[in-house]
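*Asks:* Mind having a look at this structure? Questions to follow.
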Amino acid sequence: MTPPDYEYLRKLLKDHSGLDLSADKQYLIESRLLPLSRKCGVAGIGELVQKMKGGSSSIIAQVVEAMTTNETFFFRDKIPFEHFRDTIVPEMLKARAGRKSIRIWCAAGSTGQEPYSLAMSLKEMGPALAGWRTEIIATDLSQEVLEKSKSGIYSQFEVQRGLPIQLLVKYFKQNGELWQISPELRGMVQHRQLNLLHDFSLLGNFDVIFCRNVLIYFDQETKINIFGRLAKAMEPDGFLVLGAAETVVGLTDVFKPFPDKRGLYRPSGARAASPQAGASMPKIAAMAGR
């Protein structure tokens, strides 16, 4: 891969997905895109770049998907799900007693382990949520990972990562070497393709937003923009959950840390003006939220 090709790919990925690669990540692009080059029937990354420069929107979309598919597993990092069970839901049960409904958004939900972990957590609360309507929206840039999430089918390796055996037996059905999550749990999660760089106001307002392990790939300006729009998409007394390596501190005052709960934040009431999504970023219609 030539330096000009690498710089072209860096800019394309930042413009289309927000992924901000440093100058020393050639190995990452090569590991992800060489298999794609073979799949597309071209000789290598250089020829792949030429096709993108020639206006091949299909290859651009495949390149973005290949570079933004990230690892995930059930109940990843544990602590956010403990916050969900012990702090978030009890607070919502009190605050939403009048309407008996909770809306949850999993941004960058990937292949579904996070939204289904939340669905299992809700089911395990049993009588406390009787008569309540819970809505989980899972979004991702990649249509490929959303299709896997919709199917709810996972390998033996995938279900062994983070998923307690009692929940596997309770909520999954085995079919050969694969496991499929129950229709009831799949019915609790709605899926939408969405690019966080674009307008997501049509999703409505949420009581809880999980936006974990995706903002680490964005530059500071993009993070600030997204935080401002997340605040506007959240109820004033809602909760934001970030990944262990992510924080709002030093970036924005629209959220404030929840005391003694790492990774948990609440709206501060400061609705700072933020630029419109995509104001300085080109939009790709096929990846816009819908």
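The values are calculated or read from the model by the stated rules, or taken from the named source; none is laboratory data. Not measured: the values here are computed from a predicted model. Backbone-built Cβ (ideal geometry, glycine too); neighbour counts: all protein chains shown. Side chains are part of the model used for accessible areas, which takes the heavy atoms of the whole protein and leaves out ligands, DNA and RNA. Shrake-Rupley method; radii C 1.70, N 1.55, O 1.52, S 1.80 Å.
*Asks:* Run the dipole for the chain about the Cα centre, Lys and Arg Cβ at +1, Asp and Glu Cβ at -1, nothing else charged, and hand back the magnitude in debye, nearest 20.
*Replies:* Values: 37 positive and 31 negative charges, 140 e Å.
Using only the charged Cβ atoms, the result is roughly 680 debye.
*Asks:* With every protein chain kept in place and ligands, DNA and RNA left out, what is the accessible area per residue of the chain? Probe 1.4 Å, answer in Å².
*Replies:* Heavy-atom accessible area per residue stands at 47 Å².
*Asks:* Are there any trypsin sites (Lys or Arg not before Pro) in the stretch 108-167 that are in a DSSP loop and have at most 16 other Cβ atoms within 10 Å? List them by number. Don't skip to the end; give the middle numbers.
*Replies:* Values: sites: Lys123, Arg133, Lys148, Lys150, Arg161; in loops: Arg161.
Loop-located and lightly packed - Arg161.
*Asks:* Rounded to the nearest percent, how much of the accessible area of the stretch 3-67 (1.4 Å probe, protein heavy atoms only) is carbon and sulfur? Numbers along the way, then the final one.
*Replies:* Working: 1710 of 3210 Å².
Reported share for carbon and sulfur atoms: 53 percent.
*Asks:* For an R0 of 35 angstrom, estimate the FRET efficiency from the Cβ-Cβ distance between Lys232 and Gln26 and round to the nearest 0.05. Write out the running numbers ahead of the final one.
*Replies:* On the way: r = 38 Å, r/R0 = 1.07.
Efficiency, rounded to the nearest 0.05: 0.40.
*Asks:* If you don't mind, there's one more thing I want to ask. Can you tell me, using C-alpha contacts under 8 Å and at least 6 residues apart, the relative contact order of the stretch 3-67 as a whole percent?
*Replies:* It comes to 33 percent, rounded to a whole number.
*Asks:* Also: Take Glu177 and Asp86, extend 7 Å from each Cα along the Cα→Cβ direction, and tell me the distance between the two endpoints in nm.
*Replies:* So the two model labels end up 3.9 nm from each other.
*Asks:* When only C-alpha pairs under 8 Å and at least 6 residues apart count, what is the relative contact order of the chain, in percent? Write down the numbers at each step before the final one.
*Replies:* Numbers: 439 pairs, mean separation 51.6, N = 290.
Reported relative contact order: 18 percent.
*Asks:* Once you sort the root eigenvalues of the Cα gyration tensor of the stretch 92-242 as a ≥ b ≥ c, which label holds: rounded (a/c under 1.5), prolate (a/b larger than b/c) or oblate (the other case)?
*Replies:* Numbers: a/c = 2.17, a/b = 1.25, b/c = 1.73.
Cα axes put the stretch 92-242 in the oblate bin.
*Asks:* If I stretch the segment between Gln166 and Ala244 completely, what's the gain in nm (0.36 nm per residue apart, minus their alpha carbon distance), one decimal?
*Replies:* Working: separation 78, 0.36 × 78 = 28.08 nm, distance 2.64 nm.
Answer, rounded to one decimal: 25.4 nm.
*Asks:* State the dimensionless ratio Rg/Rh of the stretch 1-62 (Rg: radius of gyration of Cα atoms; Rh: Kirkwood radius). Don't skip to the answer; put the middle values down first.
*Replies:* Details: Rg = 10.7 Å, Rh = 11.7 Å.
Using Cα coordinates only, the ratio equals 0.92.
*Asks:* So what is the relative contact order for the stretch 94-142, in percent, with contacts set as C-alpha pairs under 8 Å and at least six apart?
*Replies:* Numbers: 50 pairs, mean separation 28.2, N = 49.
58 percent.
*Asks:* Which one of Gln156, Gln143, Ala128 has its Cα pushed farthest toward the positive end of the charge dipole of the chain, where Lys and Arg give +1 and Asp and Glu give -1 at the Cβ?
*Replies:* My answer, from the dipole projection, is Ala128.
*Asks:* Over the stretch 155-196, one equal point on each Cα, no solvent: what is log10 I(q)/I(0) by the Debye formula at q = 0.27, 0.29, 0.33 Å⁻¹?
*Replies:* -0.97, -1.03, -1.16
*Asks:* Same structure again: Accessible area of the stretch 153-238 with a 1.4 Å probe: how many percent of it is carbon plus sulfur?
*Replies:* Working: 2120 of 4010 Å².
After summing per-atom areas, the C and S share lands at 53 percent.
*Asks:* Cα to Cα, under 29 Å, and not fewer than 8 places away if on the same chain: which lysines meet these conditions relative to Lys100?
*Replies:* Lys100 reaches Lys78, Lys123, Lys150, Lys170, Lys232, Lys256, Lys261.
*Asks:* OK, next. From the cross-link list Lys14/Lys53; Lys11/Lys53; Lys148/Lys173, which pairs have alpha carbons spaced over 18 Å apart? Could you put the intermediate results ahead of the total?
*Replies:* Numbers: Lys14/Lys53 16 Å; Lys11/Lys53 12 Å; Lys148/Lys173 16 Å.
Listed pairs above 18 Å: none.
*Asks:* Rounded, prolate or oblate: pick one for the stretch 134-176, where a ≥ b ≥ c are the square roots of the eigenvalues of its C-alpha gyration tensor, a/c under 1.5 means rounded, and failing that, prolate if a/b is larger than b/c, else oblate. Kindly include the intermediate steps, with their values, before the conclusion.
*Replies:* On the way: a/c = 2.14, a/b = 1.55, b/c = 1.38.
Here the stretch 134-176 falls in the prolate category.
*Asks:* Can you pull the one-decimal nm distance between simple spin-label points at Gln220 and Lys100, each 7 Å off the Cα toward Cβ?
*Replies:* 4.9 nm
*Asks:* Regarding the chain, what whole-number volume in Å³ per residue does the convex hull of its Cα atoms give? Provide the component values of the computation, followed by the final result.
*Replies:* On the way: hull volume 40.1 nm³, N = 290.
For the chain, the hull spanned by Cα atoms encloses 138 Å³ per residue.
*Asks:* Here is a further query. Need one number: nm distance between label points at Lys78 and Glu147, each 7 Å from Cα along Cα→Cβ, rounded to one decimal.
*Replies:* The modelled label-to-label distance comes out at 3.6 nm.
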